[in-house]
Structure formats: structure tokens, C-alpha cells
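The values are calculated or read from the model by the stated rules, or taken from the named source; none is laboratory data. None of these values were measured; they are calculated from a predicted model. Here the Cβ positions follow ideal geometry from the backbone for every residue, glycine too, while neighbour counts run over all protein chains shown. Surface accessibility is based on the protein's heavy atoms, side chains included, excluding ligands, DNA and RNA. Shrake-Rupley method; radii C 1.70, N 1.55, O 1.52, S 1.80 Å.
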There are 4 protein chains.
Amino acid sequence: MIIVMNAPTPDQVNRVLNKLKQHNLATYCISSGGNTIVTAKGDLSACNPELYERMPGVDRVLIVKSPFKLASREFQADDTVVAVANSTVSSFGGSRLSVIAGPCAIESYEQLYESAVGVKTAGATMLRGGAYKPRTSPYTFQGLAKNGLEILKAVKDAVKLPVVSEVTDPRNVDLMVQYVDVLQIGARNMQNFILLQEVAMANKPVLLKRGNSATIEEWLMAAEYLMAGGCSQVILCERGIRTFENYTRNTLDLNAVPVVKHLSHLPVIVDPSHGTGSWRWVGPMAKAAIACGADGLIIEVHPCPEEALSDGPQSLTLNNFTQLMDELRILSAALGRPVNT
Amino acid sequence: MIIVMNAPTPDQVNRVLNKLKQHNLATYCISSGGNTIVTAKGDLSACNPELYERMPGVDRVLIVKSPFKLASREFQADDTVVAVANSTVSSFGGSRLSVIAGPCAIESYEQLYESAVGVKTAGATMLRGGAYKPRTSPYTFQGLAKNGLEILKAVKDAVKLPVVSEVTDPRNVDLMVQYVDVLQIGARNMQNFILLQEVAMANKPVLLKRGNSATIEEWLMAAEYLMAGGCSQVILCERGIRTFENYTRNTLDLNAVPVVKHLSHLPVIVDPSHGTGSWRWVGPMAKAAIACGADGLIIEVHPCPEEALSDGPQSLTLNNFTQLMDELRILSAALGRPVNT
Amino acid sequence: MIIVMNAPTPDQVNRVLNKLKQHNLATYCISSGGNTIVTAKGDLSACNPELYERMPGVDRVLIVKSPFKLASREFQADDTVVAVANSTVSSFGGSRLSVIAGPCAIESYEQLYESAVGVKTAGATMLRGGAYKPRTSPYTFQGLAKNGLEILKAVKDAVKLPVVSEVTDPRNVDLMVQYVDVLQIGARNMQNFILLQEVAMANKPVLLKRGNSATIEEWLMAAEYLMAGGCSQVILCERGIRTFENYTRNTLDLNAVPVVKHLSHLPVIVDPSHGTGSWRWVGPMAKAAIACGADGLIIEVHPCPEEALSDGPQSLTLNNFTQLMDELRILSAALGRPVNT
Amino acid sequence: MIIVMNAPTPDQVNRVLNKLKQHNLATYCISSGGNTIVTAKGDLSACNPELYERMPGVDRVLIVKSPFKLASREFQADDTVVAVANSTVSSFGGSRLSVIAGPCAIESYEQLYESAVGVKTAGATMLRGGAYKPRTSPYTFQGLAKNGLEILKAVKDAVKLPVVSEVTDPRNVDLMVQYVDVLQIGARNMQNFILLQEVAMANKPVLLKRGNSATIEEWLMAAEYLMAGGCSQVILCERGIRTFENYTRNTLDLNAVPVVKHLSHLPVIVDPSHGTGSWRWVGPMAKAAIACGADGLIIEVHPCPEEALSDGPQSLTLNNFTQLMDELRILSAALGRPVNT
């Protein structure tokens, strides 16, 4: 049960909480934009929701059956639109699609600047680039760290594109918010709840990648951690799951797109680069993602993929990306939901 | 190594086989359309392919590295086009897309006739319907068997649509070819090599579904069984794989579409009905399938899904299907590869 | 609902069937050892089981909730013991364990004879050997077919060991029963229902391998097909499932052993050779299988694994096997369930 | 290539590093117990290992092919023995087995004290109990946090059992080392490299659980993060992987036990409680784990499982646990590797 209270007094909140406790329900309280949202869990059979609707300060009472509450369509019927940096063209979940592009890792100012100019010219409205790279081996390139963030900020200012970058350490959140417009939670950290709780408080939109073995429900529960922590601007990102099939590095699970749009009001975008692991399948799967209802894409692009310090095999060249954007424009127009540029 | 011989004499074939045996290579011989194709396996390092190219009757010699030979792009660069019943509109792998539709199981003449008229009106150019249903439980409906085939033939003649139906027993192949235009190998029988070998000799196109846990390579090896047995008219069909994700009944693996088109010259179509297990996701995934390059679709449609004897939850109503076909026409036109009607 | 009738007259059976039909229940009738077993499916709420218990000829009425009926512990509380060829030492499901061993494929009389003598000396009480080999590629060794069966019979008679061999073709069942003591259904054919139905009628024990992507429930449903077809002597065999982990060829799922022993009265044995794909892990996993309650083992042994025509990497040498049997004798004695020899 | 230097001077280390850089190799330097270990990655073909063996301060040079270096058998042939708190009976990897037991979560002093006394009496030599619980839902019990650690310390002192507890936040490592003898990295954090790096510096043994979708190689790479960070006392723990099979909550992958013992010198224990998700399978799988070579077990035990705040269904009662320990003593003695008590 979710009780939404509109600008309540502390006393009004306490009366609600006390009554819930009398009914032996566990409570969880979130303040968000003047509202207070009380989540109650337990055996609801003995308690009458109508009772709570009549209490002072209470706006409405919802029975939400799914384990994710704030992320559910039951809680909010209308699509959430995440407008990054108040931009109308870097916006996810509305009537148009947005494409994020850029290199896997930030390697140098020149590399990132060339990427940024190229992807912006082709039609991307947001730049990606990693400064902190979680790598399977301790002996491989781990990113430029703070230097990478400095480069990212400089390129962002020079090229005028909002930026997203991955945060991996709860102690780094305060630093990162000074540099990026969207904080990314990577697939390996999807259930790093400590990190989710810290990021939720940063007052920035969050791009939440699906863990490579996470069920859709676990993914939405991770989003719920962010929302319960006060962050309502969550962009979900499907990026491939681990299956028995090894021809592709991951199995991009596009089924998740219509499923998530059905279960949740949050925007969902698709990462065909990590999702497939090879540049060759990025184009077809990007088009498929759009066709099944994704709200946008995030694509790895590198000026010189064969020299990339990470994920070269799955990066598009600027030429490939430009051609793909041309195809996506035609396709998205036919689908009635054009790409932002 | 594959040695293609053009209308060779038996003596010419024997000379080739003998030389291969001298090189300790295992040989496998197929006759197809006047040609004889000799497959040689083993350590090729000691044998000179040029040697074989100069032997009488030999047309060309190919080194094919993939385990599937005849199904590979290396063996045949151009797309195979399977024109069912010599029809130009029930054709797979060419410049236009074709859609197969109909009920999971044949239940009665009325049910199948109503389905057939409805899907044809909406734009399908081929009818599906099962007479022999492999079911997990011995206690559930197993299909109408020969009676089902009689109904299928009657409806086919009445409505003028070519038909596809599943064969499950090698002893039934001769019977089935009298009723159907395309023989379907179901997912559970993808590695039933006895059945594949029998079906390969039937001189009919074969719709080969991917096993729900088959790798792409195993699937193409199953196609190779058909081709090595003399059947060159193979239509591959992706229908979902088994993963840890249980929100959808299967995980439709659209990545397989561009991968198979890259590795093989055979047409590949998509079954979003079995692939997802719910009518709700059929539309979005059908569109995604087209967008990533599928050569066609096979969709379950039932006049009254809630009363279907099998697979009701994943069947579209005729209204849903008609609307989907309208959307597919717009989408496929934008992609430059219109749907046959 | 299952209605067990003891030596009923045809009329008594018909009265039961008619009453079930009045209650709108689907019925399925099996005769086995003088008994007739009627399975009824559908909405049981309206029918009173007690009513049926009082009908003439009815011995008892059982409500079985699991989808497998005859294979369930609810239907039969006591363990089924399958005594192969009436032998007390080639018996599965009783107070002692039995080990089946031998090569993957029958290659020659000498190879099989040497294997048989060796494994019998080491303590195996049953011989395995394939004459029909389902192989992923049409170009690899497919077994010696009928010649292989002749060799198998000759060695069986010479060495006095009962034998098991795989059947792949429903048209071959009549032939095979002349040569083997136990018919094996391979993993790829676990859901080849046509084959199961044919084998069920052969009046021989059946070794039913779990499909490499079959759930435990699907596996027990395949056993149900055999039992519903009249075969009560089913030995289940866990042989590894397909997962994301590729270090081992398959992931031997030993969890299935206690689960199946809990759900079903049928014996379950383990194949650590196919289950892991490498001789190196056969010993440890064989011991683990015994420790978690398996009723026996089936192990690939070859006199010269590096020259085996199939599955060499996972075959033990005779020396390795002899040593393993010594270890298993100690272990199984400590577990209170000694190995037959 | 790994270069082990014995008590080198800084100058000696620099000479090695400089030469490696001349060969264009990436270097990584670890100091551990007086030794300095230099890891070099890149194209080794141009560099002569013998050259490095002759440099001053260099003890030996190893070519390690696996991606994990310090964790590999190639680097260290002998088994690592982790003796917790210098105890001979809470020791992992030696000639005897050790069993860790206790509740999933610390709920109260009484609950933990009763558990500790019970499991010690039954033969466990180490206590488990979680103070920080990573939970899928933000609305469920998350552990008693610091209060839980206080209880854990009090019970540890009262009952004289070393303790292990999970660390989830890099900012908590300093706090936790004051309370626990072994730091546990949970399955969800196996690739939380930030946490691994922080924990590696804590100078405590680490229990590293396998991620539920981690390959064996990824798991050993996570151990490599710990070892490269200076922690040589790593205990690996198999706890079940995610597969398509849902009858058990996870699929305990016992194959990993002999595989890891083959690839690595690190001890490996098994958690049959999380591995199966139900108390019913804990006993059989614990025995199987011992039989295939595990160095120990970690088992969830609760005085009153039906009232446990988390993981009740998979917890043994004290009675069940006592009986299991009796069985394990007999089994482990027969295997020649008795259980510590």
C-alpha cells in the first residue's frame, strides 16, 4: 500500500505512521517535491485503505501488488520524461527519441573532442565516455579517473553536449556531480545497493543499466532503490544478458523493452554495443530497438576503433554511426516517433 | 573442403573419392540438381586443393572453415530464395517479406477456415496449423492427426493459401507431403537427426525452428543435415531461447537474425508468438524482427484465443493481426523491403 | 485424479469412464500388470473422489497435484527398483548402487570386448556402448548401426554383462530389443515423444537421460510419457545441463538427484562423463553423485581414449576406472549403501 | 610474465620496470611479505625471460598463461592454507575440513548466542552472521548494521568462535575489521572492484563468494583483484549459479570445486544453503561438496527458521545441523580428510 500525502505537517505524517504500526505494517517514508510518500508492507487484509484516505494530509491511497512500487505503472500511469539538463533534445520518455553516443573510455582530449563533434554532427544529442572503468582484470586499463572527468567537462563545454559517465564508488558521487549531467550505474553495479543509495541523493538523473544476469523484476527493484532514495529521474538501459549463446558476447534482450514499458512509467533505452559485443550487429539491433518501442539508444563510437583502449570491437566508426543515424531517422519517422537532433 | 562436380560420371566421382581417401580425408557425397557435392573432412594441410580443381568433372573447390558447409555464405554468397509452391508472394529470402499466420492447432474446419480467410484478408500469404502437436504432458491435446491434415487441405483449397504444418514422426513424412506445402521441424525436434534425414528426402521446403536451447551453430548444423540430405529449400525460424528470465516464456533472440544472415545464405524468419509467449509482446517484437533484417514472420492467430485448445495466451485475435499487418506495411516500406500481400 | 482399478471387467472400467465424462473430465486409461489406471484431468471441484472409491473394481483414488502422475511419490511412496535382466547386481533403486561403464561408441569387437572385460573386473555390473550415435554434424562418425548391435550382443554373451544402448529411431525399436537389456533415450531425444511412445511399448527397462536444457519437471513429464505408455521400469539419468559456464562442457546438476528422489519413486543415476565433458572431473563428480543419493552411475571408459571415435576427452582409461571403483567402494560403504560388484 | 623479487632495493625494482617498459609491456607491482611481485602484460615474444632472471634482486620468472596470475597454480603449486585467527581448527585448505555455521542475519543477542552455542556443540569451528544485508527490495530488513556487529563481537567473545560477516560498503571496512575475523564479499559484490580493492588492504582473510552468474574465470579474476591488492588469504566460496532450472533457487555448481582446485591454489568451500535455497537439499549437497573435494562448508542454521527475518526456508534447525555434522564426520573420515571440531 502506498499513501501519498500532499505537503503534510510532521504531525499528520506521524498519525499515518502510527496507525500503520497498529496494523502491524512495516513502513517506509520518502519525501519528494513537497509530497511525502509512505510505503506500507505486510498483511493488508486487516486494514481498510479507505480509512487512510480520510486522514488529514492524505492525497490518495494506492494498492500496488508488484514488488516495485514507485517504479510501477500502478503508481504512476503517465510516462516519466527525463529531460537532461533541461534540454528538450536530450530527453527520454517523451514523444521523440534521443541518441547518446561516444567512446567507451575517455582516452585523451583529442579523442573525446573528435568523437563529440562527430556524433553531434551525425545527430546524437548526448555524449558518453567513461572515466572510471570497472574491468574484469586488475591489470587492464581502468580509466583516466579524475583527469578523465576534467577532459569530459572541457569537451562538454566546447561542443555543447550534455554528458553521462559511470560512477563506481560511493565516495566519488560528490565529485562526479560537478562534471556530469547524468550518473550511470553500470551493469556490474546494478545491485550495489550502497552505491544506489548514495547516487539517489545526488539530485541528478541516473542511467541504470540492467545487470547482465538480472531479471526484469530485479532491474526494476534496483530502480526502486533509486526512487525510494529520492531520485525520480531514472532512465533504464537494456544492455544484453548472459545466456548459453556465445556467438554474440551478450544476448540483447529486446523483449525487455515492451515488458518494461508495460510494467513501469520509466523511460527505457537500449545499448546495442554492449548488448551484442560487435559493431557488425549494432546497426540492425539499434533499428530493432526503436521498432519495439525503446525511448532512445546509447551507442559506442570511436574515431579509430582498432586503437581503442577498451571495447574497440563493438565501437562504430564515425562514418558507420553517421550512416546509422540516417537510417534511424527514416525508420523513426515511419514509426511516428522521430529522433531528436 | 567442398568439391563441386558438374554432372560428373560415376567414374569421375570415384577418382575424386579415391584421391581424398589417399589423403586420409573422410568423405561425404551428395547429389543435388545434376551436381555432385563432395565434402572432405580431416587434416587438409597435406592436400593441395588446386590438384582437385584440375580433375575431370570438378567445377570448383572451396575451403569452408565453419562446421556447416552447404549452409554457409562461403559456399554460396547469394541469398537463397525459397518460393513456396512456386508462388511469388509466399517467398522467403528475396526482396520482399512474407507473413505466415494461423492457429497453433487445427481444431475444426470452421476454426481453420475462419482463421485462413481472416489472415489472408489482413495480408498473410501462407497459413499455419498443427495436426500433430508435441506436448510436454501425455494427458493434453495432441492434435487431430490425419483428420487435421484433411481439414488443412480442404481449407487450403478453399482459401487458396499454401500451408505449413509440423511433422513429428519419420514414418509420417510420406503422408504429410500429400497435404502440406512446407514441412515444419519443431523446436523440440531440431536435433532429431532421424527425422531431419527423412524430411530432407521429401522434396519439399522445410521450415526449421531453432531449438529453445540450441546455439546458432547447432541450428545451422541442423540445417546442414537437411542440406546434406538433399534439401536445399530450408527456411530458418528463430522462436525464442531458454534463459534465466522468466517474465517472458522464452527470450526471443533477435540477435540471431543478423548473425544468421551473415553466416548463411538461407532465409530466416521470426516467430514472436512462441518467442515471447504472450500476445501482448507479439506486435512490438514482430516489428523489431523486421527492423533487424528478418525475411518474414510466422504469427499465431486464432478467431477466439480464450477458447484455443493450445497456446491461446500467445495468439492474436484477427483484429489484432489486421492492425499489426497495417503497421508492418508502413514499417517495411520505410525499410525498403515491403511485405508481400 | 488417478483411479486405480484391480483386475476390473471392461464394464467396470466403462462405468468409471462414463461418470468421469459426466463430470467433464478428460480421461486417459493405462493397463499395467493386471491393473487398470485411469487418469482424469480437469476441474475436480465438482466431483467427489469418495464416490469413485465405492464403484465396483476400484481399488483406490488418488489426488495427484503434480503434472506428472504415475512418476510421482504421491502415486507410489516406495522406491521403484529396476532389476535389469532379473539380475540382483544390475539393479537400480534398491539398497545397493550399480555402475554402468563402457565406451561412448562401439568401434570394433576387440575394443568393446577389452572394455567389457576391464570394466567388469573393476566392478561394473552393466556395459554401455552406442551403435547409433546422434551427432551434431552430419559429417562425423554416426555409429556402426546394426553391425554395432551384433558386436554388442557377442560381447554381452562372452563377458556376461547386461547391456544398454541408445535408440534414436522409432522404426528401430523392434530390432534393438533383440540385442539390448535396457533401451537408452538420449538427451537430445528426451522430448521426442514419438520415440518415447514407441519405446514405452517395448517391454524393456528404459534409461531416460535428462535433456541438456530440460527442467526437472519436463524430465519427469518425459518419464510420464513412458509410464503412461505402459513402461514402469524407468531409470532416470542426470547428465549435465547447459548454462553460461563454459569451462565444463555441461554443468552436471547434482541438485537434481535429491530433488528427483523427493518428487518421484523412480531410480536416478548420474553420468559424470557427459555431465562435465572431461575425464579430469569424472572421479570427483562420481563421488559427489553417490554422496548426494544417486542410485548408480554411468561412466565412459575406453581402452585408449586418445583414439576413441567419439568423446575421447571425457573417457576414463581402464586404470583410472579401476582406481575410481576402489574409491567408490570405500565411500559407498561409509554411506551405508555399498556398490554392487 | 610474473617476476618475483626477494627483498629488492627500490633501485632493483626500477631497473626491472624500466626494462619491461623498453619491451612495451604494461607493468603492475605488488609488495607482499618482503617480496615484490611484478606482473608484466603484453606481447612477450620479443622479450627473453632468462634475461630478467639474471637481474639483481630477481628470485624467479614465471610465464603464466591464465588471465589470473597470483591466484593460479602456475604461480604457486602448493595449496594455500588460510588459518583464521591463527586457529588450527578454523583453517581452510589443509588436511582437514572446517565448517562455518550460523544464521543468515544477526537478529538479537539471544538468537545469535543460541545459534553459536548450538553450532559449536555440533562441531562448527566458525560462526557466520550478517549485520549488513544486501536485499533485492529497499523495503525489506537490511540488517542491524553496527548494532549487529556489537552483538557479533559479544557472542564471539562469549562462545569463543571466530566470526565471518559480509562487508558491503568500502567506507565500512575499517569499522568491520574491529569486529570480525574474516570479511565476506557477497555474491552480488563479487565484481564490485572498488570494494575488493578496499578490502584487499584490510589485512584480514577474505571469504569471496562466487557471483550467481559469474564464470569460474571471472571469479578467479575477482580473487586476483584481492591478491593484487595485497591480500593472499582468500577463501573461495561456491554458492550456486543462475540457470534456467527454477525448482531450486540456484543451481549449486559443484563442478566448480574440482575445477578451481585444479586451476588455483586457493581453498574453496561450498554454501549449500544459498546454493539450493531450501533446507531439504542442504544435507545431500553438503555431503556431495565434501565428496568432490571442497575444503569446507558454510551452512545457514537458525534456532527457529520459521521466524527468521531472512532466508528462513534454507536454514537448518540446530537438530538438523547436529545430525548432518554426524554424517559428515563419517563421510569425511572415509574420504581421508576429517572434519575439524
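What to note about this one:
- Here the convex hull built on the C-alpha positions of the stretch A:28-161 has a volume of 183 cubic angstrom per residue.
- Report summary: the helix-based calculation at 222 nm, which adds -39500 (n - 2.57) for every DSSP H run with n ≥ 4 and divides by the residues of chain D, gives -10000 deg cm²/dmol.
- Per residue, in Å², the accessible surface of the stretch A:147-212 once ligands and nucleic acids are set aside, probe 1.4 Å: 31
- For the stretch A:208-281, Kirkwood radius (reciprocal of mean inverse C-alpha pair distance, Å): 12.7
- Percent antiparallel among DSSP beta bridges (both partners in the protein assembly as shown, rounded to 5): 45
- Calculated from backbone phi, Karplus (6.51, -1.76, 1.60) coupling profile of the stretch A:319-334 in Hz, x at Gly/Pro: 5, 4, 5, 4, 5, 4, 4, 4, 5, 5, 4, 5, 5, 5, 5, 4
- Estimated inter-spin distance, residue D:15 and residue B:201, nm [label 7 Å along Cα→Cβ]: 7.8
- Burial of accessible area (probe 1.4 Å, heavy atoms of protein chains only) in the stretch B:203-221, relative to its chain alone, reaches at least 20 Å² for B:213, B:215, B:216, B:218, B:221.
- Carbon/sulfur fraction of accessible area - the stretch D:2-62, other protein chains in place, 1.4 Å, %: 44
- Under-5 Å amide H pairs with residue A:184, H placed in peptide plane, nonlocal only: A:165, A:166, A:167, A:207
- Take every Cα pair under 8 Å whose residues are at least 6 apart in sequence, average their separation, divide by the length of the stretch B:1-149, and the relative contact order is 17 percent.
- Residues B:218, B:306, D:150, D:224 ordered from highest to lowest accessible area at a 1.4 Å probe: B:306, D:150, B:218, D:224.
- Across chain C, C-alpha contacts under 8 Å between residues 6 or more apart give a mean separation that, scaled by the residue count, equals a relative contact order of 17 percent.
- Radius, Kirkwood style, for the protein assembly as shown when every pair of distinct Cα atoms is counted (Å): 33.9
- The 3J(HN,Hα) values that the Karplus relation (6.51, -1.76, 1.60; θ = phi - 60°) gives for the stretch B:247-255 are, in residue order, 5, 9, 4, 10, 10, 4, 9, 5, 3 Hz. Gly and Pro appear as x.
- Rounded D (µm²/s) - chain D, Kirkwood Rh over Cα pairs, Stokes-Einstein at 25 °C, 0.890 mPa s: 118
- Beyond 20 Å in Cα-Cα separation lie the following of the pairs C:160/C:204; B:160/B:204; C:41/C:209; A:153/D:21: C:41/C:209; A:153/D:21.
- Dipole magnitude (debye, nearest 20) for chain C, charges at Cβ of Lys, Arg, Asp, Glu: 460
- Partner aspartates and glutamates for residue A:19 [C-alpha distance under 17 Å; skip if fewer than 8 residues away on the same chain]: A:11, A:43, A:50, A:53, A:59
- Residue A:298 long-range amide H proximity, modeled H, under 5 Å: A:100, A:270, A:271
- For the stretch B:2-62, the alpha carbon convex hull comes to 67 Å³ per residue, rounded to a whole number.
- Value of Rg to Rh for the stretch B:295-341, rounded to two decimals, is 1.08; Kirkwood radius and Rg both from alpha-carbon coordinates.
- For the protein assembly as shown, size of Cβ-based charge dipole, Lys and Arg +1, Asp and Glu -1, in debye: 0
- Sequence of A:254, C:51 from largest to smallest accessible area, 1.4 Å probe: C:51, A:254
- The residues of the stretch A:2-62 expose on average 55 square angstrom of accessible surface per residue, using a 1.4 Å probe on protein heavy atoms.
- In the complete set of protein chains, residue-level accessible area for residue B:302 is approximately 10 Å², probe 1.4 angstrom.
- Cβ-Cβ FRET estimate between residue B:108 and residue A:306, R0 fixed at 56 Å, reported to 0.05: 0.35
- Remark: the stretch D:225-311 carries 21 Å² of accessible area per residue (probe radius 1.4 Å; ligands, DNA and RNA excluded).
- Residue-by-residue Karplus 3J(HN,Hα) for the stretch A:284-299, coefficients 6.51, -1.76, 1.60, Hz, glycine and proline x: x, 6, 5, 5, 4, 4, 5, 5, 9, x, 4, 8, x, 9, 10, 10
- Using the Cβ-Cβ distance between residue D:63 and residue C:89 with R0 = 41 Å, the FRET efficiency computed as 1/(1 + (r/R0)^6) comes to roughly 0.20.
- Protein accessible surface hidden between C and B, which excludes ligands and nucleic acids, total in Å², probe 1.4 Å: 3000
- Extents of the stretch C:188-233, largest first, come to 28, 15, 14 Å (Cα atoms, principal axes, whole angstrom).
- Only protein heavy atoms count here; on that basis, with a 1.4 Å probe, residue D:31 has an accessible area of about 90 Å².
- Amide H contacts of residue A:130: A:105, A:106, each under 5 Å away and 5 or more positions distant or on a separate chain (H built 1.01 Å from N in the peptide plane; Pro and chain starts excluded).
- Accessible-area ranking of B:188, D:54, A:210, D:73, largest first, probe 1.4 Å: D:54, B:188, D:73, A:210
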